[in-house]
1. Modelling each spin label as a point 7 Å along the Cα-to-Cβ direction, I'd like the L52/D5 distance in nm, to one decimal.
2. Applying 1/(1 + (r/R0)^6) with R0 = 22 Å to the Cβ-Cβ distance of R15 and K44, what FRET efficiency is obtained, to the nearest 0.05?
3. In 10 Å bins starting at 0, how do the alpha-carbon pair distances of segment 1-59 split up by percent?
4. Under a 5 Å amide H to amide H cut-off, with H placed in plane at 1.01 Å, what residues pair with R27 once short-range neighbours are removed?
Amino acid sequence: MSKYDNTGALFRNDRKEKDTHPDHTGRATIDGKECWLSAWVKEKDGVRYLSLAFKPKEESGQQAKAAPQSRGRSDLDDDIPFAPVI
């Protein structure tokens, strides 16, 4: 998390493999919430600029927790004992 609210840092993306991957990545804290920060270097009419995208960090964790329910598996009972197969 950034030390100060509404701040962040970008670093060159050394793992970029496709043109669609961001040129720079980093983290930011916005209103007390951690976010992933992505930036692409673009050019229009001879002027270079950065196009930015922010994504909440907890979003990927929430999706992972919701995945079993979305598959209709919420009715499974984890307390069923299993005997070893001999």
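Rule-based calculations on the coordinates, nothing more; no lab input. Everything numeric here is computed off the predicted structure, so don't read it as measured data. Please note: Cβ atoms are built from the backbone with ideal geometry, for glycine as well, and neighbour counts cover all protein chains shown.
1. According to this spin-label approximation, the distance is 1.7 nm.
2. Calculated transfer efficiency: 0.25.
3. 24, 46, 25, 5
4. Under 5 Å from the amide H of R27: A9, L37.
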